[in-house]
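The structure appears below as structure tokens.
Readers should treat all values here as calculations from the given coordinates under stated rules, not as data from a laboratory. Computed from a predicted structure; not experimentally measured. FYI the Cβ positions are ideal-geometry reconstructions off the backbone, even for glycines, and counts take in every protein chain you see.
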Amino acid sequence: MKRYDLIVIGAGPAGLSAAIQAAKYGVETAVFDENERPGGQLFKQIHKFFGSKEHRAKIRGFQIGRELLAEAEECKVHVHLNATVLGLYENKEILVREGDETGHYKGDAVIAATGARENMIPFEGWTLPGVLGAGAAQTLMNLHGVRPGSKVLMVGTGNVGLVVSYQLLQAGVKVEAIVDAAARVGGYGVHASKIARAGVPFYLSHTVVKAIGTDHVERAVIAQVDSHFQPIPGTEKELEADTICIAAGLSPMSQILAMAGCDTTERGGTVPVVNEHLETSLENIFAAGDVAGIEEASSAMITGRIAGTAAAFKLGYLEEASCIEEIGRLRESLRQLHEGMFSPQNRGKCDIKLTDEGIDISESLLKKGYIEEQELNRFPGVPDKKIKGLHPVIECTQNIPCNPCQDACKFGCIKVGDKITRLPEVNLEAACAGCGKCVVSCSGQAIFLVDEDYEETSGTVTMAYEFLPHPAPGTRGTAYGRDGKAVCSAEVVSCRINPSMDHTALLTIKVPKDMVMKARFFRAEEEMK
């Protein structure tokens with residue numbers, strides 16, 4: 001039987017972070033994961049993370065995965081892949097199937113970072129090929145280069161449903177619609193806005209009731225729901241779709257902790273009861289990441305580091321004072337992610353009417369997926385008076401924990417402040433250099449550079465662009481508004497990209513002067529044929 005100081009079950013963001021943290025203190029650490037490669041969900045996450053620089057904001061998930069793997073290798077963490085942990089028993093012994101063999105390993109401490117599984121919604125025809133979880137669709141696209149379908153209906157407007165919908169569009173898949181039984185968009189508004197301006201309709205207070213097809217999905221039927229989330233007869237609508245993606249939330253995979261005898265409770269699924277150091281009711285057995293409660297990957301990495309620090313202390317590799325200091329610092333970092341409109345204490349609330357600054361929230365964003373123009377000027381990122389020359393317009397209207405735009409601008413045009421959930425503010429006294437760093441650094445693609453004085457009758461709009469191919473200067477096409485409807489003809493002035501932009505192009509289009517505050521998306525004429 002092989003023995004380690006610390007055994008970590010799961011090589012996702014939480015597990016790798018826990019292993020790295022403990023190994024830095026000298027703990028001999030092994031990680032076991034059932035997959036062929038470590039990194040968990042990170043390697044299929046091609047979008048940029050939110051948060052601050054400390055939280056790896058504006059870095060894409062797969063790049064964060066690479067960084068964690070490099071750190072694990074540098075710290076000499078023993079990573080066992082294709083290794084399914086079958087059981088966690090007394091004295092912290094695990095049974096592992098590796099290939100065709102079964103082995104036993106013993107740890108002085110164990111951290112469970114087993115993650116979560118996708119929830120599904122049963123409806124007529126839900127077992128047809130073509131009905132799958134949004135995470136499974138993301139795996140097909142971003143890990144295997146396979147489109148899950150050509151016409152997709154997405155069910156769920158949480159961050160997973162919104163992010164995967166956008167990635168489907170990037171892969172050349174048509175997203176027919178996004179439906180949700182809730183009356184409001186559940187995820188970040190900036191994610192919803194990216195999809196709305198690309199022309200994808202939102203059907204809120206609706207659900208999928210039927211998949212139609214013989215040997216695969218051919219059409220989908222949705223219906224409006226009542227206050228009890230039950231379909232209302234006579235409101236059915238049929239949509240063309242060969243794929244139905246379900247983004248109905250996640251459930252913690254806590255079975256192995258329950259098997260070991262850890263106390264559990266119900267909180268969005270069965271989760272282990274843990275103390276402030278993420279230790280379960282069984283001494284030296286810890287839980288980190290989604291298994292201890294569903295959150296974003298940024299939070300999972302911090303909880304992994306908390307558990308790794310606590311384990312190192314319990315194993316005698318870290319003084320108590322140093323442990324308290326480090327966990328306090330990590331808790332502060334986690335607290336920053338737990339503030340704002342999407343904080344854990346606000347989860348499920350439908351009565352939030354004001355931002356933290358006391359500004360009326362955008363009801364249109366919640367109900368339609370986009371901000372209406374008449375709502376914009378009340379937010380500090382949108383100047384309420386005409387500015388000569390090029391300047392940023394920041395259509396970020398929710399208190400999301402994120403501040404890369406402030407760090408990106410070296411000229412003081414953008415201010416968020418010390419609290420990363422505050423709405424970004426445009427400084428009217430500072431001169432914009434037009435570098436576009438704020439645009440490409442924005443994880444929500446909510447920043448635009450606007451120049452109403454480009455020519456006598458024309459202005460320009462510069463936006464983040466993450467579709468291929470990149471349009472060449474002189475390309476003509478159509479500009480679309482926040483609601484995805486055509487607003488005017490447009491011509492590409494430039495499409496800049498370099499390695500520092502991390503695959504985000506800066507697309508500048510020329511539009512009539514009175515359209516610079518309306519045009520927010522572009523399609524070339526070839527795309528519209």
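Observations on the model:
- Folded to 0 to 90 degrees: helix 320-337 orientation relative to the chain principal axis, Cα: 30 degrees
- The GluC sites (Glu not before Pro) of segment 27-60 meeting both criteria, a DSSP state outside H, G, I, E and B (loop) and at most 14 other C-beta atoms within 10 angstrom of the site's C-beta, are Glu36.
- Counted residue by residue at 0.36 nm each, then reduced by the alpha carbon distance between them, the extension gain from Ser343 to Glu373 reaches 8.1 nm.
- Each Lys and Arg contributes +1 and each Asp and Glu -1, all at the Cβ; summed about the Cα centre of segment 120-246, the dipole is approximately 460 debye.
- Between Leu81, Gly99, Pro38, the Cα set farthest toward the positive side of the dipole of segment 1-129 (charges on each charged residue's Cβ, about the Cα centre) is that of Pro38.
- Sequence-distant aspartates and glutamates (8 or more away, or on other chains) whose Cα lies within less than 12 Å of Lys76: Glu28
- Phi-derived couplings, Karplus 6.51 cos²θ - 1.76 cosθ + 1.60 at θ = phi - 60°, listed residue by residue for segment 169-185: 4, 4, 7, x, 8, 7, 8, 5, 5, 10, 10, 7, 5, 6, 8, 9, 4 Hz, with x used for Gly and Pro.
- For Asn275 and His228, the FRET efficiency from 1/(1 + (r/R0)^6), where r spans their Cβ atoms and R0 equals 45 Å, is about 0.75.
- Direction-averaged projected area, Cα convex hull, segment 120-246: 7.1 nm², rounded to one decimal.
- For Thr478, Thr309, the sequence from fewest to most other C-beta atoms within 10 Å is Thr478, Thr309.
- Identified option (computed Cα Rg over 2.2 N^0.38 Å; candidates (i) 0.92; (ii) 1.01; (iii) 1.34): (ii)
- Under 21 Å from the Cα of Lys194 - lysines, other chains or at least 8 residues apart: Lys44, Lys48, Lys58, Lys151, Lys174, Lys367, Lys368, Lys437, Lys485, Lys510, Lys518
- Modelled this way, with points 7 Å down the Cα-to-C-beta line, the labels at Thr127 and Glu73 are 4.5 nm from one another.
- The H on the amide N of Ala116, modeled in the peptide plane, is under 5 Å from the matching H of Met253, each at least 5 residues off or on a different chain.
- Distance in nm between pseudo-label sites at Ser322 and Thr235 (7 Å out along the Cβ direction from Cα): 6.0 nm
- Near the amide H of Phe522, within less than 5 Å, lie the amide hydrogens of Tyr480, all on another chain or at least 5 residues away, with H placed in the peptide plane.
- Each Lys and Arg adds +1 at its Cβ and each Asp and Glu adds -1 at its Cβ; summed about the Cα centre, the chain shows a dipole of about 1080 debye.
- Relative to the longest principal axis of the Cα atoms of the chain, the long axis of helix 13-24 lies at roughly 50 degrees.
- Distance (nanometres) between label positions extended 7 Å along Cα→Cβ at Arg329 and Lys385: 4.5 nm
- Segment 437-485: trypsin sites (Lys or Arg not before Pro) falling in loop per DSSP and having at most 13 other Cβ within 10 Å: Lys485
- For the chain, DSSP calls about 65 percent of its internal beta bridges antiparallel.
- Against the chain, whose longest principal axis is taken from its Cα atoms, helix 134-144 shows a tilt of about 90°.
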